[in-house]
Amino acid sequence: MAGHIGIVACSAEGAALCYRTIAIEGFRAMGEHDHPEVTMSSIPMARHMEPIRRDDWEAVARLMLDAARKVAGAGADFAICPDNTLHQALPRVRPASPIPWLSIAEVVAAEARRRGFRRVGVMGTKYLMEGPVYPAAFEPLGIEWRIPPPADRERINQAIFGELVNAVFTDETRAMLDSVMRRLEAEGCDAAVLACTEIPLIVRPEEAPLPTLDSTRLLAKAAVARALAT
């Protein structure tokens with residue numbers, strides 16, 4: 001029997017994509033209609049955004065721990081969070097968590113190394129792009145990273161919070177994200193991390209200027225692999 005996955009959710013769109021990917025990967029690995037058991041705790045995104053905006057990562061960690069205890073109480077063997085930004089609180093969460101965690105950034109970094117990427121562009125919320133989550137994951141593996149310039153960071157951030165988390169996906173925003181990737185390519189990046197759980201819902205990898213690392217689906221696949229190994 002496969003292990004039990006606990007999802008600590010923030011945005012609905014990202015969590016839905018993560019859950020759906022777990023199910024699809026489970027079907028492929030385990031057979032028709034089968035996948036690891038999943039329990040989700042979905043504390044509303046609004047409650048996360050209040051402490052994030054005031055840079056209070058201790059408060060974010062408390063929310064994540066509350067959710068971790070709920071999924072652990074339901075039988076989850078480990079937890080994942082399909083929200084890159086919340087991972088800034090993960091170092092505070094792990095020591096107090098009743099169950100272990102997979103880190104989305106560590107999963108992405110491992111995939112970047114496996115595929116031989118040497119310098120990656122990171123695209124996500126302004127909190128994520130300007131924060132320590134991906135530098136901490138890439139540095140031990142010797143992978144360089146770049147983030148877009150301030151104007152591009154603001155455009156991406158506005159698109160995420162104004163459109164993507166609300167399931168609004170436009171051709172204009174897709175073109176904007178592709179243009180950011182072209183500028184990252186000009187800086188020597190050989191891949192782009194889609195480090196917001198909703199960006200994979202709008203970027204088309206087959207049309208993107210750079211190879212993409214889909215953080216949401218990579219985390220879901222890693223969770224299934226861990227559940228099958230449990």
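The values are calculated or read from the model by the stated rules, or taken from the named source; none is laboratory data. Please read these numbers as outputs of a predicted model, since none were measured by experiment. When we count neighbours, we look across all protein chains shown, and the Cβ atoms used for this are built from the backbone with ideal geometry, even at glycine. Areas reflect the complete protein model, heavy atoms only, side chains present, ligands, DNA and RNA absent. Shrake-Rupley method; radii C 1.70, N 1.55, O 1.52, S 1.80 Å.
Tell me the net charge near Ala167. Cut-off is 14 Å between Cβ atoms, Ala167 excluded, with +1 for each Lys or Arg and -1 for each Asp or Glu. If you can, show how the numbers build up before the last one.
On the way: positive: Arg20; negative: Glu13, Glu163, Glu198.
With Lys, Arg at +1 and Asp, Glu at -1, the neighbours total -2.
So for Trp145, Trp57, what's the accessible-area order with a 1.4 Å probe, most first? Could the numbers behind the result be given before it?
Working: Trp145 75, Trp57 15 Å².
Greatest to least solvent exposure: Trp145, Trp57.
Counting only other residues whose beta carbon sits under 12 Å from that of Glu154, what net charge do I get with K and R as +1, D and E as -1? Working shown, then result.
Details: positive: Lys126, Arg153, Arg155; negative: Glu130, Asp152.
Its environment carries a net charge of +1.
Just want the answer: with Cβ charges of +1 for Lys and Arg and -1 for Asp and Glu, which residue in His33, Val60, Cys18 is farthest toward the dipole's positive end in segment 1-81?
Working it through, the farthest residue towards the positive pole turns out to be Val60.
Mind pulling up the Rg/Rh value for segment 122-230? Radius of gyration and Kirkwood radius, both on Cα. Mind dumping the intermediate values first?
Working: Rg = 14.1 Å, Rh = 14.5 Å.
Taking Rg over the Kirkwood Rh, I get 0.97.
Counting heavy atoms of the protein chains only and a 1.4 Å probe, report the per residue accessible area for segment 1-108 as a whole number of Å².
Values: 4650 Å² over 108 residues.
For segment 1-108, the per-residue accessible area is 43 Å².
Mind jotting down the distance between the C-alpha centroids of segment 73-134 and segment 1-66, whole Å?
Each part's Cα centre sits 12 Å from the other's.
Mean residue ellipticity at 222 nm from the helices of the chain, using -39,500 (n - 2.57) per DSSP H segment of n ≥ 4 over the full residue count, to the nearest 500 deg cm²/dmol?
Working: 10 runs with 114 residues, N = 230.
Calculated mean residue ellipticity at 222 nm is -15000 deg cm²/dmol.
Work out the charge dipole of the chain with +1 on the Cβ of Lys and Arg and -1 on the Cβ of Asp and Glu about the Cα centre, then indicate which of Val120, Pro140, Ile80 is farthest towards its positive end.
Pro140
With an 8 Å cut-off on Cα pairs and a minimum separation of 6 or more residues, tell me the relative contact order of the chain in percent.
On the way: 417 pairs, mean separation 60.0, N = 230.
Result for the chain is 26 percent.
For Ser42, Ser11, give the ranking by accessible area with the largest first, probe 1.4 Å. Walk me through the numbers before you get to the answer.
Working: Ser42 75, Ser11 5 Å².
Final ranking, largest accessible area leading: Ser42, Ser11.
Computed FRET efficiency, Cβ-Cβ of Arg53 and Asn166, R0 22 Å: what is it to the nearest 0.05? The partial results should precede the final answer.
Values: r = 18 Å, r/R0 = 0.81.
E between Arg53 and Asn166, to the nearest 0.05, is 0.80.
Given the options Asn166, Val8, Pro150, identify the residue whose Cα lies farthest towards the positive end of the charge dipole of the chain (+1 on Cβ of Lys, Arg; -1 on Cβ of Asp, Glu).
My answer, from the dipole projection, is Val8.
List the GluC sites (Glu not before Pro) within segment 4-50 that DSSP assigns to loop and that have no more than 13 neighbouring Cβ atoms inside 10 Å. Mind dumping the intermediate values first?
Details: sites: Glu13, Glu25, Glu32, Glu37; in loops: Glu32, Glu37.
Passing sites in segment 4-50 are Glu32.
Considering only DSSP states other than H, G, I, E and B, which trypsin sites (Lys or Arg not before Pro) in segment 53-161 qualify as loop sites with at most 16 other Cβ atoms within 10 Å? Don't skip to the answer; put the middle values down first.
Details: sites: Arg53, Arg54, Arg62, Arg69, Lys70, Arg92, Arg113, Arg114, Arg115, Arg118, Arg119, Lys126, Arg146, Arg153, Arg155; in loops: Arg54, Arg115, Arg118.
Counting only loop positions with at most 16 other Cβ atoms within 10 Å, the trypsin sites (Lys or Arg not before Pro) in segment 53-161 are Arg54, Arg115, Arg118.
Size of the dipole of the chain about the Cα centre, Lys and Arg at +1 and Asp and Glu at -1 on the beta carbon, nothing else charged, in debye to 20? Please list the in-between numbers first.
Numbers: 26 positive and 30 negative charges, 89 e Å.
Dipole about the Cα centre, nearest 20: 420 debye.
With r as the distance between the Cβ atoms of Arg62 and Gln158 and R0 = 35 Å, compute the FRET efficiency 1/(1 + (r/R0)^6) and round to 0.05.
Working: r = 28 Å, r/R0 = 0.80.
Efficiency at R0 = 35 Å is approximately 0.80.
In square nanometres, what is the average projected area of the Cα convex hull of segment 5-160? Mind showing how you got there, number by number?
On the way: hull surface 39.1 nm².
Projected area, direction-averaged: 9.8 nm².
Leaving out ligands, DNA and RNA but keeping every protein chain, what accessible area does Ser103 have, in Å² rounded to the nearest 10, with a 1.4 Å probe?
Its heavy atoms expose roughly 10 Å² to the probe.
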